[in-house]
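The values are calculated or read from the model by the stated rules, or taken from the named source; none is laboratory data. These figures come from a predicted structure and were not determined experimentally. Cβ: placed from backbone, ideal geometry, glycine included. Neighbour counts: every protein chain shown.
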Number of protein chains: 2
Amino acid sequence: MQVSLECVPCYLRQVLNAMQHGEIPAEEQGKILDQILLEIPQLDKTATPALNSSLLLHRLQEMAGVGDLFQEAKEKSNEQALALLPLLREMVSEADWPLELAVKLAVAGNIVDLGILQDYDLEASIRQVLHEPFTIYHLPALAQDLRTARKVLIIGDNSGEIIFDSLLVEQLLALDLEVTYSVKAGPILNDATREDAEAAGLPRLCRVIDTGNNFLGVVPERSGQEFLQAMAEADVVISKGQANYESLEGTELAGEKTYFLLKAKCPLVAAHLGVELGDLVLKKNDLRR
Amino acid sequence: MQVSLECVPCYLRQVLNAMQHGEIPAEEQGKILDQILLEIPQLDKTATPALNSSLLLHRLQEMAGVGDLFQEAKEKSNEQALALLPLLREMVSEADWPLELAVKLAVAGNIVDLGILQDYDLEASIRQVLHEPFTIYHLPALAQDLRTARKVLIIGDNSGEIIFDSLLVEQLLALDLEVTYSVKAGPILNDATREDAEAAGLPRLCRVIDTGNNFLGVVPERSGQEFLQAMAEADVVISKGQANYESLEGTELAGEKTYFLLKAKCPLVAAHLGVELGDLVLKKNDLRR
């Protein structure tokens, strides 16, 4: 998915949001933003939005001299999700089709804005999300593919959300599948890293790898061998969130085995998927030939 | 009201929106946007958002070589509002307090997104808007001030909306007030100009003047003598929309005689007013001493 001019205001909103999270002093924020503005025209206009956004966020990290602007926010979102885990696990175990509920919870984790809602609201919000219909819902195809699969790769998205995903990992393990879960090799926005995987207890369940970089989405030319090999060996890939969709949709790398699980939070992603803004999607990759 | 870093993504959205309205070819849009990005760091960080936005929109007009990117949109919004005028006038004449309904319709014109809704929806939307409560509602003070006033100046905002305002002008004339209505001296976004005032039939009702420039809001150092004199002579000023609020609130120029009538469409303006995003406001100017 290619960038559009409409991505530019969003790059800036992400940068501003990251600086606010990192509590960068106001004057320094102004200087950093000015520098970012000067660098936007130099970005590749044929890249994915995720890639260009990453380059700007890396420049921000460099200039701010803070390793992880979202550290506190990420820890808080993990804590909130962990507190809910026993309830969520019970919901899955009591479901008619536990795999389906685990898939829905995995997208619920992407929707619920952890760190903002009170615990009480959070529980209510999750129950509400579970009743939202998906606009594209290739679950039957995914279930069919999983029946003959041996290796599954989940490409993770945010912190907090990763804890919801652990329930999906448990369901895949119950189907006797070999599961690998990938996180980022370094901080970028509130994306899950190894620390978040550990907070979620994922290493006790399955193999945890990283993409080999700290870019939003997947950037093949910057990906580590371990990630690329996991991608090649997987019989089914479950790719979470918008940035992974932006960078993998239509590609040979994703192939016919990749399913995108996300909420369309951006008008361009929604239009690309042919859905409305805010819609839920579980979509098998359309391979461009 | 001073600019904030959060205004920067909005500047760009306005530029993108204007280019789309003006049907500038995609490649040219990219070049113009790149140039605008390079110029943002040079803006005065103590100016008002309206002023900085205006400077960028003027640069866009220069580069695009198109006089008025919103001409078609403005004509359409005037047509739609004119078609409703008989109904609106009837509503005012039947109201318990016609002045109050005219004030509410003047803000309704600012809310209803003309040119998007069907006529049928538009009528329903207006009736709905008229039932929305104002969060700040200094109508009693305004009515009191009008009782002893002789000259009233209305500082207009958008096309389409100007036609709704003509009903307020009629009500002020019925109170035997001398009314002046100000528009922009040239095109900027969808702000009302003399052409729009003529479409609204305003010159037949009252004196129509222009601000002497084509900046969003009011810029005293670029304002014409006629506008500044009208401002000085007015016993009551009714200032419509966000840009006029941004540039006039708290100033000696606006003084204690100015009332701001607007919907808070931007989080910063809402915070500045102490209201929620989307709230309706009729507020007497708080003079900073």
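Somewhere in the range A:153-165, is a residue in contact (Cβ under 8 Å) with a residue 12 or more places away in the chain, surrounded by fewer than 16 Cβ atoms within 10 Å (Cβ to Cβ) and not acidic (D, E)? Taking every residue of the range A:153-165 in turn, none turns out to be in contact (Cβ under 8 Å) with a residue 12 or more places away in the chain, surrounded by fewer than 16 Cβ atoms within 10 Å (Cβ to Cβ) and not acidic (D, E). B:V15 meets the conditions (1) facing chain A (nearest Cβ under 9 Å); (2) farther than 15 Å from A:P41 by Cα in every case but one. The failed one is (1).
Out of B:I155, B:I136, B:I209, B:I163, one residue alone is aliphatic (A, V, I, L, M) and within 26 Å of B:E23 (Cβ to Cβ). It is B:I163. The residues in the range A:28-50 that are within 10 Å of chain B (Cβ to nearest Cβ) and charged (D, E, K, R) can be counted, and the count is 4. Does B:A271 count as assigned by TED's automatic domain parsing to the domain that holds B:P140 and touching a residue at least 40 places away in the same chain (Cβ under 8 Å)? So B:A271 does not fit the description; no. Among the residues here, B:E132 qualifies as touching a residue at least 40 places away in the same chain (Cβ under 8 Å) and part of a loop (DSSP other than H, G, I, E, B). Annotation: A:D157 fulfils all but one of (1) at pLDDT below 95; (2) within 16 Å of A:T258 (Cβ to Cβ); (3) charged (D, E, K, R); the unmet one is (1). Within the range A:1-12, can you find the residues that are of a type outside the set (D, E) and facing another protein chain (nearest Cβ under 9 Å)? Residues satisfying the conditions are A:L5, A:V8, A:P9, A:C10, A:Y11, A:L12.
When B:G186 is tested against (1) touching a strand residue (DSSP E or B) at 6+ places or on another chain (Cβ under 6 Å); (2) within 30 Å of B:L12 (Cα to Cα), just one condition goes unmet, and that condition is (1). For beta carbons closer than 6 Å, sequence separation of 6+ or different chains, a first residue in the range B:1-25 that is closer than 17 Å to B:A73 by Cα and a second that is β-branched (V, I, T), the qualifying pairs are B:V15/B:I36; B:G22/B:V66.
Of the candidates A:S77, A:S53, the single residue that is within 14 Å of chain B (Cβ to nearest Cβ), buried (at least 21 other Cβ atoms within 10 Å of the Cβ) and not aliphatic (A, V, I, L, M) is A:S53. Per this entry, A:L142 is not counted among residues that are touching a helix residue (DSSP H, G or I) at 6+ places or on another chain (Cβ under 7 Å) and either touching a residue at least 40 places away in the same chain (Cβ under 8 Å) or assigned to a loop (DSSP other than H, G, I, E, B) (or both). Please tell me if B:V269 is of a type in the set (V, I, T), modelled with pLDDT of 95 or more and part of a helix (DSSP H, G or I). Considered against the rule, which asks whether it is of a type in the set (V, I, T), modelled with pLDDT of 95 or more and part of a helix (DSSP H, G or I), B:V269 comes out as yes.
Of all the numbered requirements in (1) away from chain A (no Cβ under 14 Å); (2) surrounded by 16 or more Cβ atoms within 10 Å (Cβ to Cβ), B:G67 misses one, and that requirement is (2).
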